[in-house]
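Here the structure comes first, spelled out in structure tokens, and everything after it is commentary.
The values are calculated or read from the model by the stated rules, or taken from the named source; none is laboratory data. The model shown is predicted, which means the values in this text are computed figures rather than measured ones. Quick reminder, even Gly has a Cβ in these numbers, built from the backbone with ideal geometry, and neighbours come from all protein chains shown. For the accessible areas, the whole protein counts, side chains as well, though only heavy atoms, and no ligand, DNA or RNA atoms are used. Shrake-Rupley method; radii C 1.70, N 1.55, O 1.52, S 1.80 Å.
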Amino acid sequence: MTSVEKIQNEIVEELSLFTDWIEKYEYLIGLGKDEIDFDKKFMKDEFLINGCQSKVWLYAKQNNSKVTFHAYSDAIMTKGIIALLIKVFSNQSPDDIINSKLDFIDKIGLKSHLSATRANGLMSMIKQIKIYAIGFKEKNG
Amino acid sequence: MIDFEKIRSSFPILDVKVNDNKLVYFDNAATTQTPTQVTNSIRNYFNKQNSNIHRGVHHLSNISTEDFEQSRKKVKEFIGAEKEEEIVFTRGTTDSINLVATSYQKFLKNGDEILISEMEHHSNIVPWQLCAEKTGAKLKVVSVTKEGEIDMDHLEKLLNEKTKILSITHISNTLGTINPISEITKLARKYDTKVFIDGAQAIAHQKVNVTELDVDFYCFSAHKLYGPTGVGVLYGKEEILEKLPPYQGGGEMIELVTFEKTTYAKLPSKFEAGTPNISGVIALGKAIEFIEEINLDLIFEYEDMLLNHYNEKSNKIEYYEPFGTSLNKSAIASFNLKKVHHYDIGVLLDNMGIAVRTGHHCTQPLHKKFNLAGTIRASFGIYNTKSEIDYFFDCLSKAYKMLY
Ligand SMILES: Cc1ncc(COP(=O)(O)O)c(C=O)c1O
């Protein structure tokens, strides 16, 4: 099992303890309120993700052979979802990011609470994360 | 008196469950729900009379044509127009505005002015921008006050001999403000300015009489009037519609076609190219019947009571920030809660079964002027109740506590 898969499973396990949507959302909101490592100089249009109802800025850095992701949103719930994505993808190698299958979103039952436009926003975020990984992989040769 | 039980029972969609909660539908400014009287009419049309109109000799075509034209007559009476020739069926408000903003280009030249307001829906901005770009006319914009009303002094200042068209919304879909159309029209009449009114938010909520308002154009969508999507109306004064060139070419709108020259059909066919949304137009007629049976004056009174109840509740919440505080308002309430994002509130309300709109509601310039990234909007219709509003505020405070 890759580390990306392992972290996903951990998230699914953690969220499966919650029995109703309110607890799940409270957990997400809690994550959204946590301090994050985001440099505000990246709050520029070129780092905005399209397709989200709230604004999301995302940038990536390379640390040795690993990629770290940093993102911010003006909506707390979105920030919570971002925190989950970052937990899964940050500090992984480009290859692991590119090849990862993302089934935890379905498994934690979040998708059914997201409207089509919001699900699209989430898909755009994941796509952008993978694009960054591809970029770093090419740069590294 | 409104027979409330009867009204509710005409809307089976109100029994839909969302996340195990009863649906509370507060997004009526986006689209209203459709009563069985209207959906039955659509089913009946396809089961019993589907055919093309104005061209066949056969039975089905005849009854469909008759019903279609009957709808036109109903619309004419509903809005107090003088003639059926003045009622053009379109795809909706947006289509109606585009029709005039395109056809009217013939009469505009470099240096002319088109006047709109800051509270317009994108549908009443972009077509005029395109029109201005094509003709060299200038787009001028009337300010909105901090209460969310048209700044009448500014309007008066901007009007002049060069103002060829003034296009303003009857009721703001974001602020809920009911604009003083008669007053605005009087000001425009000092010059030869044509008045176009976007009636999308007004038509289902108060009695509209285009002749009394003395407007040149008025338009609306059926789907905000308890009718189906894809159908709308453009009203235009006959003498003006006569002079306007056609918008689109095709069948229906011609008198005689040769490859050298085509002569156009008379009004209103001149503006109705191609096969129209026949079932939709007939269903619009049913929606009008439905509304008239309840009575628009009573509807206005009832929705005003809902808005007052809403305001009483919202006034008590210190973290509630209303957007649009005119005293002359339709039942639309846009707001933010201090320090939380409109989107977060929208998601939580959705999970509690409440349908509201979040975002900019197609009025980006208006939100930008007041430095708002977006708002939450609750908008009411004839089937909403005080107890739904009470439930809404319970959920709102629950959501706020979760987020803050
Ligand atoms: C004031 C106003 N104008 C225009 C429109 C556009 O209506 P439609 O999308 O039905 O063409 C709307 C509806 O959202 C509206 O509220």
How many partner chain Cβ atoms sit within 10 Å of a residue's Cβ in peptide A:11-22, on average, as a whole number? 1
Shielding score for B:341-353, defined as the mean number of other chain Cβ atoms within 10 Å: 6
At 1.4 Å probe size, with the rest of the protein present, what percent of the exposed accessible area of chain A is carbon and sulfur atoms? 49
Quick one: which residues, 5 or more positions from B:D27 or on another chain, have an amide H under 5 Å from its amide H? H modelled 1.01 Å from N in the peptide plane, none for Pro or chain starts. B:S379
Say each of B:K186 and B:E77 gets a label point 7 Å from the Cα, pointing the same way as Cα to Cβ; how far apart are those two points in nm? 3.2
The base-10 log of I(q)/I(0) that the Debye equation returns for the stretch B:186-256 at q = 0.24, 0.27 Å⁻¹, one scatterer per C-alpha, is -1.14, -1.23
Please work out the FRET efficiency for the pair B:L372 and B:V57, using the Cβ-Cβ distance as r and a Förster radius of 51 Å; give the result to the nearest 0.05. 0.30
Mind ordering B:103-113, B:380-390 by average Cβ neighbours within 10 Å, highest first? B:380-390, B:103-113
Chains B and A: how much accessible area gets covered up at their contact, both sides added, probe 1.4 Å, in Å² to the nearest hundred? 1400
Just for the Cα atoms in the protein assembly as shown, what are the lengths along the principal axes, largest first, rounded to whole Å? 75, 55, 55
Assuming R0 = 35 Å, what is the FRET efficiency of B:A30 and A:K66, from their Cβ-Cβ distance, to the nearest 0.05? 0.20
Provide the per-residue ³J(HN,Hα) series for the stretch B:206-215, in order, calculated from phi with Karplus coefficients 6.51, -1.76, 1.60 and θ = phi - 60°, each as a whole number of Hz, with x at glycine and proline positions. 7, 5, 10, 10, 5, 6, 5, 5, 6, 9
Does anyone have the angle between helix B:342-351 and the longest principal axis of chain B? Alpha-carbon axes, 0 to 90°, nearest 10? 80
Return P(r) of the stretch B:39-293 (all Cα-Cα pairs; 5 Å bins starting at 0; whole %; ordered from short to long distances). 1, 6, 13, 17, 19, 16, 12, 8, 5, 2, 1, 0
Label points 7 Å out from Cα along the Cβ direction at B:D390 and A:N120: separation in nm? 3.9
Please report, as a whole percent, how much of the solvent-accessible surface of the stretch B:39-293 comes from carbon and sulfur atoms (probe radius 1.4 Å). 49
So the FRET efficiency between B:E293 and A:F42, C-beta based with R0 = 51 Å and rounded to 0.05, is 0.30
Using the Karplus equation 6.51 cos²θ - 1.76 cosθ + 1.60 (θ = phi - 60°), what ³J(HN,Hα) coupling, rounded to whole Hz, does each residue of the stretch B:299-316 give in order, writing x for Gly and Pro? 4, 4, 4, 5, 5, 5, 4, 4, 5, 4, 4, 4, 5, 4, 6, 5, 4, 7
Per residue of the stretch A:57-74, what does 6.51 cos²θ - 1.76 cosθ + 1.60 with θ = phi - 60° give for ³J(HN,Hα)? Whole Hz please, x for Gly and Pro, Karplus curve as stated. 10, 9, 9, 10, 10, 10, 10, 6, 9, 10, 10, 10, 10, 9, 9, 9, 9, 7
Semi-axes in Å, largest first, for the stretch A:3-140 (Cα gyration tensor, √(5λ)) are 23, 18, 14
Once fully extended, how much extra length lies between B:N47 and B:S9, figured as 0.36 nm per residue of separation less the alpha-carbon to alpha-carbon distance? 11.3 nm
How tilted is helix A:76-89 with respect to the longest principal axis of chain A? Cα atoms for both, answer in degrees (0 to 90, nearest 10). 50
Amide H of B:T163 versus every other amide H placed in the peptide plane: which residues, excluding those fewer than 5 positions away on the same chain, fall under 5 Å? B:E113
Pseudo-spin-label distance B:E312 to B:E147, built 7 Å along Cα→Cβ, given in nm, is 2.3
Difference of contour (0.36 nm per residue) and Cα-Cα distance, B:V126 to B:V16: 36.0 nm
With Rg and the Kirkwood Rh both taken from Cα atoms, where does Rg over Rh land for the stretch A:14-76? 1.06
In Å², what does the accessible area per residue of the protein assembly as shown work out to with a 1.4 Å probe? 45
